[in-house]
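Encoded as structure tokens, the structure appears first; notes follow it.
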Amino acid sequence: MEYERTHSDLGAATGMNPAWLDPSLGMGEQQLQGNLRTADVESYCWEDRIVPPLYLIATKCRVHHLRHAAIALLLSERRREGIWDSILCGKVAEWMVGLEEEGVRIGSDGQDWYGGKGKGLLDEEELFIPEERRCWGETTERDLQGRRAVVKCKQNIPMEEGGGWRERVTTVSW
């Protein structure tokens, strides 16, 4: 990954100083790549280290390629940190990102655009999730022994469709 580009993208996309998010991706990638475990072996750590920051990037960052990189890292290894499970977090993030990116089309020429509403063609690095597509207030009701969770969130309804909030629900297995 090109971390210089990532850093400036986060600043432009969020309006925040993204210095604390960018190192999380790099640290998570280095720690997971340096680990010889396979996805079938679960590691456990008492402290929160890389799973919570990667989950935050995956669910709250509005830049397409950063959130997909964070999801890939979460799903790359079975890792538990305190109450955080990387596979569960990765699958919840995948679901939420899928909801927010409904309407995104990828053309055969590699160009992306959001919803085709005259906003022009964008490449993947420029794809930005608009506020009216965001999901908020996610909750999980977990069955740890059965490795299932009911996940709920609220999603904005665009003003063209009447505005307000819609509750979204799914069941995730890991």
The lone exception for Glu160 - which of (1) modelled with pLDDT under 90; (2) part of a loop (DSSP other than H, G, I, E, B) it fails: (2)
Pairs where the first residue, in region 84-95, is in contact (Cβ under 8 Å) with a residue 24 or more places away in the chain and within 15 Å of Lys60 (Cα to Cα) and the second is assigned to a strand (DSSP E or B) and of a type in the set (Lys, Arg), C-beta under 9 Å, 6+ apart: Trp95/Arg168
Residue within region 72-90 that is modelled with pLDDT of 90 or more, surrounded by fewer than 16 Cβ atoms within 10 Å (Cβ to Cβ), touching a helix residue (DSSP H, G or I) at 6+ places or on another chain (Cβ under 9 Å) and not in a loop (DSSP other than H, G, I, E, B) present: yes
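The values are calculated or read from the model by the stated rules, or taken from the named source; none is laboratory data. All values derive from a computational prediction rather than experimental measurement. Here the Cβ is made from the backbone with ideal geometry for all residues, glycine too, and neighbour counts use every protein chain on show.
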